[in-house]
1. Here is a list: Phe75, Phe109, Phe125, Phe50. Which entry is under 13 Å from the mean Cα position of the chain (by Cα), open to solvent by 50 Å² or more (accessible area, probe 1.4 Å) and not polar (S, T, N, Q)?
2. Can you confirm whether Gly33 is part of a helix (DSSP H, G or I) and modelled with pLDDT under 85?
3. Among Leu54, Leu87, Leu38, Leu44, which is the only one that is closer than 23 Å to Ala124 by Cβ, touching a helix residue (DSSP H, G or I) at 6+ places or on another chain (Cβ under 9 Å) and at pLDDT 95 or above?
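The values are calculated or read from the model by the stated rules, or taken from the named source; none is laboratory data. Since the model is a prediction, treat every value here as computed from it, not as a measurement. Note that each Cβ is placed from the backbone with ideal geometry, even for glycine, and that neighbours are counted across all protein chains shown. All accessible areas refer to the heavy atoms of the entire protein, side chains included, with ligands and DNA or RNA removed. Shrake-Rupley method; radii C 1.70, N 1.55, O 1.52, S 1.80 Å.
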Amino acid sequence: TVALSVAVSQIGPEVEGMKQMAELVQGPNAAVGSLIVLAGLAPLVEELVFRGLLYGWIEGRWGARPAVAISAIAFAMAHFDPTYMLLVLPLGLLFSWLRWRTNSLLPSFAAHVANNAFAVLSVAFYGN
C-alpha cells in the first residue's frame, strides 16, 4: 500500500479525492482530526461493509474468487472519481485477498489503516 501511495503521489494523475484530503489536513489541528477520521473511522466502516458484509455474502453464495473481485470493485466504485477508482482498485484487491487468505477482517483493516495513515501523514508533513 505504501508503494502504491508513493507511486500515485509522484507519477499519478491529479485526483480530486487527493486534493480534498490535502485541504482537510491543512492547519495544525486538522491533521489529528483527519488522521482519526480518514485513517481510523473510514477504514473501519469500509472494511466492515466491503470485506465484512459484502465479501461474506458473496463468498457464501459463489465462493472466494467472486467475493474478492466483486468486493474490490465495489470498494473502488464507492470512491466515485473515475481516476481515483482505478488507483483504489489494487488496494481493494489487496484488502480482499487479505480477508480471503486469513479469514479475518483484522489484516485488511490494519493494511487499510496503514495506507490511509501514510497518505494523511504524507500530506500533513510534506504537502500536496
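1. Every option except Phe109 fails the conditions.
2. Values: part of a helix (DSSP H, G or I): yes; modelled with pLDDT under 85: yes.
Yes, satisfied.
3. Details: Leu54 fails: closer than 23 Å to Ala124 by Cβ; Leu87 fails: at pLDDT 95 or above; Leu38 fails: at pLDDT 95 or above.
Matching residue, one of Leu54, Leu87, Leu38, Leu44: Leu44.
Here's the yes/no breakdown for (1) buried (at least 16 other Cβ atoms within 10 Å of the Cβ); (2) aliphatic (A, V, I, L, M); (3) under 18 Å from Asn115 (Cβ atoms):
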position	(1), (2), (3)
Glu46	yes, no, yes
Trp57	no, no, no
Leu87	yes, yes, yes
Leu91	yes, yes, yes
